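Asks: Okay, handing you the structure first.
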Amino acid sequence: MSRKIERLINLTIALLATKRYLTKSEIFRSVEGYEGSAETKERMFERDKDDLRSLGIEIEVGSFDPIFNDEAGYRIKQEKYQLDLGEITPTEISLLSLAAQAWQGASFDEAAQKALLKLSSMGVPSDSLSLPTSAHKVNDGGGDLPLITKAIAEQQLITFVYLDSQLDRQERKVVPVGLSSRSGFWYISGVDQEIQEIRTFRIDRIDGEITATKGPKDFELPQSFDPARVFDGDASQSFAIIDVRKGKGFSLRALASSSQSLGEWDQLRLPIYNLNTLASLVLWHGIDVYVQEPFELRELIVAHLEKLVNNHG
Amino acid sequence: MGKNFSAPLERTARLLDLVPYIHAHQGIALKDLAAVFEVSNAQMVNDLTTLWMCGLPGYTPLELMDLDFESGYVSISNAPTLAKPRSVTFDEGVALILGLDLLRASIPVDRIDLLEKIDFLSARISTIINLSSTFSVIAPINQGVSAAIDQALSSRCTLEIEYHSVYRDEVTERVVFPIEIVEIDGQQYLSSYCYSASDFRQFKLDRIQSAVVTHEIKTIPKDSSKTEKINSRLKVLKPNRQIAERFSKSDLKAGSEFVFQTYSQQWLERSILSSGDGVVLITPPEIRASIAQMAQSMLDRYKDE
């Protein structure tokens, strides 16, 4: 085992140090560890290349003299191999270290620790930045985050079962385009393949495994997608007029697009994204909230209240 | 994470990362180095011995790396090709970009220099890992709140907070003695003793609207827990996701009953009201009656007008 490792390291060093492409025969001649028949060496080399590539090392193939039909050569470009952050200051190193530390105990912790190790190998001292950090930890998104980020980068198609608001299990096929976290929950936004529209899903509402497969060939990132507006909902066509007692109804006030004082009450105008969700929020506030408009919302609330009175009488 | 490399590959990766690390930490104790790379001392000696055999083609002492670790302290020379750390992998880059995004919220707004650095680093890493899409993390709380909580926690002093209680539907001012930040079901809470409630309370971080350190030295009274648990029984009529999440029940079936414990009568009443025709509270009878009465007075108003 040790010999294979030595050979991989030696190959890396040789391909990094060379200024021009090294041909296979040059490699076999000069890099230690390539032994046996021509066929054996060939097989060894193919496997070694795959191994290095799987470690994320880019091996370039080319020929050093394009005019003649030369044998292909190989090299590793220093600038691709090395962590190149340009001229980096101690303060920047500290910021990156703090960013990595935010993952303590959460999904990307292991990757973050490896990144930290590389940062501390750059030979740049870090600044002691006094920034509040204890309150800022990333919430654990579970084991799915690495799969999702990879799917986003490679525009793969992900398939999962999603619990909708009626607890129905629906299979969704989505090309993910964004990942965001808010109030302790992680969300994926993506183009739902059935309706060809952007939808956002809360990851903990996914039931079971997420599988990633090759994405549609002609996929294009929707121009209209704005990651900062994921939580704003679709442009709402309708509004509700709701009276809220002064000093009450904070969750509704947060959603209101305008507010007008009516003495003991304030009248709010709220966009309606989902009638059932809004009805539920209105009911939560009991006698401190009263719906003026629209008629359907009043009807829905009256129907719920009648049931509530009946069920609890 | 992500890929699980076979043992030889994992070891190859470790050796490649060892060289720049030793370069940046010449003379590091062998046991410290082993701890950083999370391997035993014996394994580290093994790794260093293997590295010693590596170098540029030729493999004479001139081309081989020069490692010294017999004294128990490790130093390296003649390894210029591997002296710089390897570039970050996709997962490592994503971890940094998301971490930077979160960090951005904890930087005071007047530190434009730091904010610019964060944007620069984030863009730089996106280029390195070839990422064109968008990831974003929105910090749960604002910078002022976070700084005050940190200060109060580290200097063991009290905080004056404005807190939005969803159960009571009010924003109240409270004086609290913060104990720690805890995570429950992925949500972060400030665990504190609350002088206003004369009891221990957990405040959800993203509902703390403001926080000011008071520098007052207060103590936590002994025997301060007076809250009583409410044991309730509920029956599911129409299962839906909101009910499942609110009562943490993953398998709701129409007609099934379950027991639920809570400390807050208001929370229970509001939860039942907001579930509408989805659930019925069976016991306790006094809360059941109070729900019926609340629903009736709301209904009266809709019928009147």
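The values are calculated or read from the model by the stated rules, or taken from the named source; none is laboratory data. Since the structure is predicted, the reported quantities are computational estimates derived from the model, not experimental observations. Every residue, glycine as well, gets a Cβ built from its backbone with ideal geometry; the counts of neighbours run over all protein chains shown. Side chains are part of the model used for accessible areas, which takes the heavy atoms of the whole protein and leaves out ligands, DNA and RNA. Shrake-Rupley method; radii C 1.70, N 1.55, O 1.52, S 1.80 Å.
Asks: Please give the total accessible area that chains A and B bury against each other, computed with a 1.4 Å probe and expressed in Å² to the nearest 100. Please report the intermediate quantities before stating the final value.
Replies: Details: alone 20470 and 19580 Å², together 29630 Å².
Between A and B, the summed buried area is about 10400 Å².
Asks: Compute the whole-percent fraction of alpha carbon pairs in the protein assembly as shown spaced more than 34 Å apart.
Replies: Percent of Cα pairs beyond 34 Å in the protein assembly as shown: 56.
Asks: Here's another thing I want to ask about it. So what is the accessible area of the protein assembly as shown per residue, in Å², with the probe set to 1.4 Å?
Replies: Averaged over the residues of the protein assembly as shown, the accessible area is 48 Å².
Asks: Sticking with this structure for a sec: Quick check: residue separation of B:Thr172 and B:Glu63 times 0.36 nm, minus the Cα distance between them. What number comes out in nm? It would help to have the intermediate numbers written out before the result.
Replies: Numbers: separation 109, 0.36 × 109 = 39.24 nm, distance 7.15 nm.
Here the answer is 32.1 nm.
Asks: A further question on this structure: Heavy atoms only, probe 1.4 Å: what % of the accessible area of the protein assembly as shown goes to carbon and sulfur, would you let me know?
Replies: 49 percent
Asks: For the protein assembly as shown, give the magnitude of the charge dipole about the Cα centre (Cβ charges: +1 Lys/Arg, -1 Asp/Glu; no others), in debye to the nearest 20.
Replies: The calculation lands at about 880 debye.
Asks: Taking square-rooted eigenvalues a ≥ b ≥ c of the alpha carbon gyration tensor, is region A:145-232 rounded, prolate or oblate, where a/c under 1.5 means rounded and, failing that, a/b exceeding b/c means prolate?
Replies: Rounded, since a/c falls under 1.5.
Asks: Within the set of other residues whose C-beta is less than 14 Å from the C-beta of B:Gly72, count the net charge using Lys and Arg as +1 and Asp and Glu as -1.
Replies: -2
Asks: Related question: Quick one: Debye curve from the C-alpha atoms of chain B, no solvent, what's log10 I(q)/I(0) at q = 0.10, 0.13 Å⁻¹?
Replies: -0.88, -1.08
Asks: Also, I was wondering about something else. Once the cut-off is 24 Å, how many percent of the Cα-Cα pairs in chain A end up in the long-distance tail?
Replies: The calculated P(r) of chain A puts 72 percent of pairs beyond 24 Å.
Asks: What is the helix-to-structure angle for B:112-128, meaning the angle in degrees between its Cα long axis and the longest Cα principal axis of chain B, kept from 0 to 90 and rounded to the nearest 10?
Replies: 70 degrees
Asks: Could you sort out which of A:Lys19/A:Lys118; B:Lys204/B:Lys249; A:Lys49/A:Lys114; A:Lys49/A:Lys214; A:Lys49/A:Lys77 sit more than 19 Å apart by Cα distance in this structure?
Replies: Where the Cα-Cα span goes over 19 Å, the pairs concerned are A:Lys19/A:Lys118; B:Lys204/B:Lys249; A:Lys49/A:Lys114; A:Lys49/A:Lys214.
Asks: Taking beta carbons within 10 Å but only from partner chains, what does the mean come to for residues B:247-255?
Replies: Mean inter-chain Cβ contacts per residue within 10 Å come to 1.
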